[in-house]
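These notes are about the structure you will find just below.
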Amino acid sequence: MKIVCSFCNTVIRPGSAPDAPVSHGVCTSCYDRILASHGFNIRKFLNMLDAPVFLVDDDVNILGANTLALSTVKKPVALVQGIICGKVLECINAYLPPGCGKTTFCPDCTIRTTVNETYETGQGVTRRPANFSRKASETSEEVRLLVSTRKDGDIVLLRLEPAEAN
């Protein structure tokens, strides 16, 4: 999959073939410009939060993440920035054609629908239960989270907390 910056059309990650499908994200230059436009160090702010937090666009592509989020997904920011959330979280449905956000399972994805709801209404959501199956070697494992969102301009802050087992 080819990934192109939504703001400046810079190729973030070339596709494996000339006709590879295209997804959108934010390049490092535009990300830095977004951070600077907020007038404070957003990375420092995100790292002050006590839960894994991602900044996402309207298609749930990761624009940024705090240290806890990066630790949770065991990936550096360079491997999550500009990538769609389902791939970063390793949701098994994100690996099905036609990809994260486009499968028959995606309309039921609590993370996606919560982010979309927050974009449409401007209203945040607090601790909505979400379940998905994560790819784990040859099998999958069930992941239970609490999803919270808050919109700021064209960016949604997506907070993912582990849900306690009953």
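Table for the structure above
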read-out: Karplus-derived 3J(HN,Hα), 6.51/-1.76/1.60, for each residue of the range 123-134, Hz, glycine and proline x; value: 8, x, 10, 10, 6, 7, x, 9, 10, 7, 9, 9
read-out: Area accessible to solvent at residue 164, 1.4 Å probe radius, in Å²; value: 150 Å²
read-out: Solvent-accessible heavy-atom area per residue, rounded to whole Å², over the range 96-166 at 1.4 Å; value: 63 Å²
read-out: Among 130, 17, 94: highest mean-square fluctuation, GNM of the chain, C-alpha pairs under 10 Å; value: 17
read-out: Choice from 132, 54, 45 showing the highest fluctuation, given a GNM over the chain with Cα pairs closer than 10 Å; value: 45
read-out: Extension gain (nm, one decimal) between residue 127 and residue 67, 0.36 nm per residue minus Cα-Cα; value: 19.6 nm
read-out: Local electrostatic count at residue 51 - Lys and Arg +1, Asp and Glu -1, tallied over other residues with Cβ under 9 Å; value: -1
read-out: Radius of gyration and Dmax over the Cα atoms of the range 75-166, both given in Å; value: 13.3, 40
read-out: Value of Rg/Rh across the range 38-89 [Cα atoms, Kirkwood radius]; value: 0.95
read-out: Residue-averaged 222 nm ellipticity for the chain, from DSSP H runs of 4+ at -39500 (n - 2.57), nearest 500; value: -6500 deg cm²/dmol
read-out: Residue list for the range 77-102, given a label point 7 angstrom along the Cα-to-Cβ vector of residue 10 and an amide N cut-off under 17 Å; value: 77-83
read-out: Within a Gaussian network of the chain (alpha carbon springs, distance under 10 Å), most fluctuating of 127, 33, 150; value: 33
read-out: In the chain, lysine pairs closer than 17 Å at Cα, eight or more apart or cross-chain; value: 8
read-out: Among (1) 20.2; (2) 16.2; (3) 17.6, the entry derived from the coordinates for Kirkwood radius over Cα pairs in Å; value: (2)
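The values are calculated or read from the model by the stated rules, or taken from the named source; none is laboratory data. The structure presented is a predicted model; accordingly, all values stated were derived computationally and were not measured. For neighbour counting, all protein chains shown are included, and Cβ atoms are generated from backbone atoms with ideal geometry for every residue, glycine included. What goes into the accessible areas is simple: the full protein's heavy atoms, side chains included, and nothing from ligands, DNA or RNA. Shrake-Rupley method; radii C 1.70, N 1.55, O 1.52, S 1.80 Å.
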